[in-house]
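Written below as structure tokens is the structure these notes are about.
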Amino acid sequence: MLYKNILRFWAQMGNKKKLAVSWVTFACCEDSTILFVELLNQHFFEWKEKIDFRYCPVLKERGNSFEGSDVTFVEGAIATKEDEAKLKEIREKSKRLVAIGSCACTGLPSAQRNTFDESTKREIMIVVERFGHLEKVHPIKEIVKVDYQVPGCPMDERIFLETLAKLFAEFGVE
Ligand code: SF4
């Protein structure tokens, strides 16, 4: 709740050019999302001048939309047909796409079922079919073009900050 109030204040700040950022999570444990929110403890006053959040349910309840996103950070692997379609739509609406964390970059550890033996795969087939899961769990680069990757489990904080700095420079946000 505290962060949501802070974000409202943030949205009322000046009209300087800002980076339009979205943050979305697919199949994973969301630890990189927690790390990102924790980073606000050190970076809030800098980022409030530089970032306009478009789709970010962890920070705002209303008005979440990928429309006009300069960059979307994508956490997690793609495990269902619904998520595959959503990722393709996000790619169309985002100028840059960044894979966040090992699950998004490589599939693992979310993709462990890909390597199950045949008998274990048969045991989980009922769930796979019933809930529209894909035959395999995919890193996002197998579904759409990825511009940057931030590896780590959870994401490497230093690489994330370097990537964000590159994006600020690329989009002329000072
Ligand atoms: S990469 Fe690790 S921390 Fe990130 S979502 Fe996957 S399991 Fe969780």
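Scanning segment 87-96 for residues that are farther than 12 Å from residue 139 by Cα, surrounded by fewer than 24 Cβ atoms within 10 Å (Cβ to Cβ) and either hydrophobic (A, V, I, L, M, F, W, C) or touching a strand residue (DSSP E or B) at 6+ places or on another chain (Cβ under 8 Å) (or both) yields 90, 91, 93, 95, 96. For segment 68-79, does any single residue satisfy the condition of being within 16 Å of the ligand (Cβ to nearest atom), within 21 Å of residue 150 (Cα to Cα) and free of Cβ contacts under 8 Å to residues at least 24 places away in the same chain? Within segment 68-79, none of the residues are within 16 Å of the ligand (Cβ to nearest atom), within 21 Å of residue 150 (Cα to Cα) and free of Cβ contacts under 8 Å to residues at least 24 places away in the same chain.
Looking at 99, 111, 104, just one residue is part of a strand (DSSP E or B), aliphatic (A, V, I, L, M) and within 16 Å of the ligand (Cβ to nearest atom), and that residue is 99.
Checking each residue in segment 135-164 for being surrounded by fewer than 16 Cβ atoms within 10 Å (Cβ to Cβ), touching a helix residue (DSSP H, G or I) at 6+ places or on another chain (Cβ under 9 Å) and more than 28 Å from residue 47 (Cα to Cα) picks out 135, 136.
Every number here is computed from the coordinates shown, using simple stated rules; none is lab data. As the structure is a prediction and not an experimental result, all values here were calculated from the model. Ideal geometry is used to build each Cβ from the backbone, glycine not excepted, and the neighbour counts take in all protein chains shown.
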